[in-house]
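S.K.: One structure, pasted below without further comment.
The values are calculated or read from the model by the stated rules, or taken from the named source; none is laboratory data. This is a predicted model, so every value here is computed, not measured. Here Cβ is always computed from backbone atoms with ideal geometry, including for glycine, and neighbour counts include all displayed protein chains.
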Amino acid sequence: MTCVELEREIAKIVMAMMTRNIQIGHDLISHLNSQLSTEAAAGVIIICIERVLWFDPSSVIWTIDYLLPVGIRQEIQKTFLVHFYKHLIFQGFLPGKDFSIDANSHLLLNSQAKSAIFSNSKLENNTKSA
């Protein structure tokens, strides 16, 4: 897939997200999955979500609830968990002491790690304390 083709696919998926069209969205994401690995498709979906977030945040919630297949949703979660894990280690936090990931892939944080990740964020109440 060329850069131009990829950009066209992103634009189509963004439009499906913003119009909340389940059938077109499922078809576009299925096509994307047939062209790319699940990891690469999840990366493309992250780009789409980021673009939609600027214009219609409620469509992002709808997309997560109704449009994303389980495999892509799990890959996105894995990507973000790895990012947070690396970020916390870089800041000097210790895995298993200051933070961990439970069997359900939930990020568990002590109060200091939570502050480091979510300072000035409204997302702070959606995580579990370690």
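S.K.: So which of Asp56, Asp98 ends up being within 28 Å of Asn21 (Cα to Cα), touching a helix residue (DSSP H, G or I) at 6+ places or on another chain (Cβ under 6 Å) and modelled with pLDDT under 95?
M.R.: Just a single option satisfies the conditions, and that option is Asp56.
S.K.: Count, please, the residues in the range 89-111 that happen to be of a type outside the set (Ser, Thr, Tyr), surrounded by 14 or more Cβ atoms within 10 Å (Cβ to Cβ) and more than 18 Å from the chain's Cα centre (by Cα).
M.R.: 5
S.K.: While we're looking at this one, here's another question. Yes or no: the range 67-79 includes at least one residue that is assigned to a helix (DSSP H, G or I), in contact with an Asp or Glu (Cβ under 9 Å, 6 or more places away or on another chain), among the hydroxyl-bearing types (Ser, Thr, Tyr) and surrounded by fewer than 16 Cβ atoms within 10 Å (Cβ to Cβ).
M.R.: Yes; the residues of the range 67-79 include at least one that is assigned to a helix (DSSP H, G or I), in contact with an Asp or Glu (Cβ under 9 Å, 6 or more places away or on another chain), among the hydroxyl-bearing types (Ser, Thr, Tyr) and surrounded by fewer than 16 Cβ atoms within 10 Å (Cβ to Cβ).
S.K.: Next question. How many residues, within the range 10-40, are within 18 Å of Val60 (Cβ to Cβ), within 19 Å of the chain's Cα centre (by Cα) and outside any loop (DSSP other than H, G, I, E, B)?
M.R.: The number of residues fulfilling the criteria is 15.
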